[in-house]
Every structure is written in structure tokens, then in C-alpha cells.
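One structure, as C-alpha cells, below. Some questions next.
The values are calculated or read from the model by the stated rules, or taken from the named source; none is laboratory data. What you see is a predicted model, and the numbers here were worked out from it, not measured in a lab. Glycine gets a Cβ as well: all are built from the backbone with ideal geometry, and neighbour counts include every protein chain shown.
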Amino acid sequence: MSFTNVSIREALQLPEGSKARIRGWVYRRRIYGDKAFVVVRDSTGIMQTVVAKGSTIDFEKAENITIESAIEVEGTVKNDPRAPGGKELRVTSFKIISKAEPFPITASASREFLLDIRHLWVRSRKMTAIFKVRNTVFRAIHDYFKNKGYYEVQCPMFITAAVEGGATLFEVDYFGEKKVYLTQSSQFYLEALIYSLEKVYTVAPSFRAEKSRTRRHLTEFWHAEAEAAWAGLNDMLKVEEELIAYIVERVLEENQQELEFLKRDISALEGVKPPFPRISYTEAIEMLKRKGIKVEWGEDLGADEERALTQEFEKPFFIYGYPVKAKAFYHKTDPQNPKVTLSADLLAPEGYGEIIGGGERIADKNELIRKIKDFGLNPDDYQWYIDLRKYGSVQHAGFGLGIDRTVMWICGLDHIIDAIPFPRTIRRIYP
RNA sequence: GCCGGGGUAGCUCAGCCAGGUGGAGCGCCCGGCUGUUAACCGGGUGGUCCCGGGUUCGAAUCCCGGCCCCGGCGCCA
């Protein structure tokens, strides 16, 4: 038998006259006179198949097929300008694997409805394209760190003390005996592990009970975090810009078709090469004032301010030296300027905003305890974290990358919920 | 948490302001069409008008309470 199973991508490259068998799901069905046009979708693409009335049994099957039915089709590849993609399969055998009930998704579906039936919407070509880019982003993160001598580690999701502010913790009942929380960040555990492996990274979810209703917030998001011993702020900025540039480079290499399908402006990504501009928080405030935006030194930058700044840059850029009070307690104060920290955020251009937060950590025990108290927190809650400063503490720095936000920016999406298959937001935990 | 918008057929919406037997398009079913491209044309099918209470002869429509969703802000990655 001369039929071979091929993916649709492969089938579309076969010479005219080749015999092929493809399988997938019905994407479109059009009946016209004595022909049934059934467009089939698999993970690699779509292809039109044509069933003619001559083959009576098969025609009836094709004529009555429903959208999203699983089918297996054999036929001959034929070049035809009328077919989408210029090639189609003239069907000789049409086998139904599983006939679908009427598919609920039609052209007029709303964002809300698509979220309700997300488990079906993930089949869409848009979602599929995004997932492929996302796959490349994750792979590139692992490849980058491994190439740079970082060890991958795994940290707990159940924790007992906050890393960020306490109000944003999800509480979990632990055997009815005590309360634990879902982690907001693996940072503290990474800091512990640098005394073993020196350079470590992890890719894991982080959970934040922020009641944020914006297009950039998930309550469960994917976090790539790194921490390195013997490193200061500037060493880390270099790692961060290299990492981002590498991720973008890989996506441009491997996901041209997907970016095209998503109508992403590729030229905006091609310029994402190091070095990224570095401006101080103080400079950022001045830039905003020149643009006529009212801000005071010492305030954290809000969404409008961030957006205004991202318009000034063509590629991602760093803002460093945030005021002490605008950042979490573990950031080291700049010895040259006690009003600011050795911290930096990386903002994506085109209005996307913050994708990385990081900086140098406090290495001195007494400074750390003082800072914890200054922030109105109880040092007893951070005992093991303080402990790290007692036994051979060294200068170290790290950062956290919001992977979903990175995917959102690279794909040019207008909402973060489309950057992840099953988004969790303040209002949505189903499906 | 605050501000704004919304919930009517499987889906997208109109009807609500000004109360009087619930509509359209898409989907689905039937028929037609000699290659369609989100096919097209004709016919048919389809309703707990979010829930509870109130006003009224009469409520999708007005009033009160509740639930849910969407957008934005603050906060953050």
C-alpha cells in the first residue's frame, strides 16, 4: 500500500500526484454541488481535502461531517490555486475517527465566552501559534542558563513566610494544623542554594493574591528566577539583557510562521540586542516631568508612567536605583547613595512595561535585620533567611522574569490571558 | 479595594429611556446550487429575558437586594 501517514506540513510539501494519509480535526466544511471541501487541521497546519460525489459512501460521510470531528483521510496530492495554500488532497478514503457534536465556538464568540470554553479554544490557530512561541521561550530560558553554567534547581511551593508583601499570599490549610502559603517567589530558596551551587536558576509558578484587574496580571504566573554568588547589580543586568536577547533571537529563528500569523511587527523584535539602555530612577522621573507628567521623586512608577517611558525606547531598557521605600526589604541599599537601592527593573517597549525585577541582595546580617524592622516586619518570621548571612555570606544578586509577560510582549498580545493556556486571574479559575 | 460597563435563543446582539402576548444575524435541521474559501440562496428550529422580592390590571423593561462577568486604576513579574 502506498499511503503513508504524514503531518499536514509534510503533506503540503509533497509533489503533485503523491499519495498521502493525513489525520486531524475538521477545521471547515463547505458543501458545494457534488463536492465536499473539508479543511483538516493538525498541530502543524491546515489543508483542504476534496471529496467528490463519485465515491458515494465517502461523500455522504464528508457531507455530514461536523466541525472538530477527528478524521483520517487518504488521497492524492494535487496542486490547485483554488485551494488555500495552493495544494489539496483529492480524497479516496474518508474515515471518521470520532464525530463531534456541534462545536460551540463560532466566528462571533466573545472574549468572555472563549474563556468559559477555554478547554476548546486552545485548539484555535491563534492559541496554537502562541503556544509554539511560548514553547520556544521556555526552551530558550533553559538553554541560556545551562550554557552559562547555571544549575537548575527546584524550590517548594508551600512556604511559611512572605517574600513580597504579606497581603498578597494565598493561604492553604495544612492538615488542619497550621496555615501555609503558596510561594510568591523562589528567591529566598535560590539565595540559600548559591552557597552550594553558586549560580542557580529555576522555572516555576509563583502565586500572588493581588486583587489586580489589569491585562498584565495573573494570580498564578510562570517565573524564571536566577541568583548568583559573587555578583553585583551590574553583573546581573548583563545576564538579564543577554537572556532576553537570546530568547527573542530564538523565537525569531524558530517561530517566523507563528509571528506572521499573529501579525507581530517583526522589525520591533529584530532590534532587541544588547546593550539595553540603562536609566536611573531619578532620570526616569526627570524624563516624565519633561513630558508634562506629574510625579514626585520617591513614588513608585504607575502604569501610566511606565507606558510613557516605554514610548521613549525601541528596545527593552533598565530603570535602576529605585528609592528604598519603593522596593522590597531585601534589596541592598546603594553605599554611594543611601536613598536608593541597588535594584533594577527591565521594561519591555511598545507599552508592555515591566518584565523583570531584580538587583543586589543584602549580604550583611545586621543591615538585613534593620531593614526588616524598618519595613514593619518581624525578623522572627525570616529566621532562616537571616541565617544565610551568618555563615560565609557573600555579595550576590538575582532577578525574576515574568515569562507570561515576556510571551505577551513577544507575540504582541493585548492581554496576558492569551499568553498562557489556562489563565488564573482574580475572577477566573475555570476551566 | 476603587471607578466604569454588562447578564435576553447554543453564540453575537437589538428591544429597556417612554411597562401591553420576546426579535435579528450566526449556528443547527431541510431543500437548492458544476471548485467552495468565515461559501451563497430559500425555508424551518430554537427562550428560567442572571436570581429573589416589590410596584402595577399587566414587568425583559420601573424600584430594592443579591450573584456572576468584562474593562480600567492602585500593586506587581
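Going by the structure shown, is A:Tyr322 within 15 Å of RNA strand B (Cβ to nearest atom) and within 27 Å of A:Thr282 (Cβ to Cβ)?
yes
Can A:Val272 be described as of a type in the set (Val, Ile, Thr) and within 20 Å of A:Ile372 (Cα to Cα)?
Spelling it out, it is not the case that A:Val272 is of a type in the set (Val, Ile, Thr) and within 20 Å of A:Ile372 (Cα to Cα).
Right, here's the next one. Looking only at region A:102-126, filter to residues that are closer than 18 Å to A:Ile46 by Cα and near RNA strand B (Cβ under 6 Å from one of its atoms); which one of those is surrounded by the most Cβ atoms within 10 Å (Cβ to Cβ)?
Per the criteria, the residue is A:Thr106.
Which residues, taken from region A:30-49, are of a type outside the set (Phe, Trp, Tyr), within 7 Å of RNA strand B (Cβ to nearest atom) and modelled with pLDDT under 95?
A:Arg30, A:Ile31, A:Gly33, A:Asp34, A:Lys35
Can you give me the ranges of the helices (runs of 4 or more DSSP H) entirely in region A:337-431 with at least 3 residues that are more than 14 Å from RNA strand B (Cβ to nearest atom)?
A:365-374, A:383-387
Here is a follow-up. Can you confirm whether A:Leu309 is modelled with pLDDT under 95, of a type in the set (A, V, I, L, M) and either away from RNA strand B (no atom under 11 Å from the Cβ) or at positive phi (or both)?
Yes.
So is A:Leu243 closer than 18 Å to A:Tyr352 by Cβ and crowded, with 22+ Cβ neighbours inside 10 Å or not?
So A:Leu243 passes the test.
Let me ask something else. Residues that are acidic (Asp, Glu) and more than 20 Å from A:Ile403 (Cα to Cα): find the helices (runs of 4 or more DSSP H) completely inside region A:221-336 holding 1 or more of those.
Counting at least 1 such residues, we get A:233-254, A:256-261, A:281-290, A:303-310.
Look at A:Arg208 and say whether it is at negative phi, among the charged types (D, E, K, R), in the same structural domain as A:Glu253 (by TED's automatic domain parsing) and buried (at least 16 other Cβ atoms within 10 Å of the Cβ).
Answer is yes for this residue.
Every residue in region A:33-73 that is small (Gly, Ala, Ser) and touching a Leu at 6+ places or on another chain (Cβ under 9 Å), please.
A:Gly45
Could you list, in sequence order, the residues of region A:70-86 that are within 11 Å of RNA strand B (Cβ to nearest atom) and closer than 26 Å to A:Val122 by Cβ?
Those that are within 11 Å of RNA strand B (Cβ to nearest atom) and closer than 26 Å to A:Val122 by Cβ: A:Pro84, A:Gly85.
Considering region A:143-158 alone, what residues qualify as being out of contact with any helix residue (DSSP H, G or I) (no Cβ under 6 Å at 6 or more places or on another chain) and either farther than 12 Å from A:Ala204 by Cα or without any contact (Cβ under 8 Å) to a residue 12 or more places away in the chain (or both)?
The answer is A:Asp143, A:Phe145, A:Lys146, A:Asn147, A:Lys148, A:Gly149, A:Tyr150, A:Phe158.
Scanning for something loosely packed, with under 14 Cβ neighbours inside 10 Å, under 22 Å from the mean Cα position of the chain (by Cα) and within 29 Å of A:Ser186 (Cβ to Cβ), does region A:303-311 turn up at least one residue?
yes
Still on this model: So which pairs qualify, if the first residue must be in region A:377-405 and without any contact (Cβ under 8 Å) to a residue 12 or more places away in the chain, the second must be assigned to a helix (DSSP H, G or I), the Cβ gap must be under 8 Å, and the two must be at least 6 apart or on different chains?
Listed by first residue and then by second, the contacts come to A:Asn378/A:Ile372; A:Pro379/A:Ile369; A:Pro379/A:Ile372; A:Pro379/A:Lys373; A:Pro379/A:Ile386.
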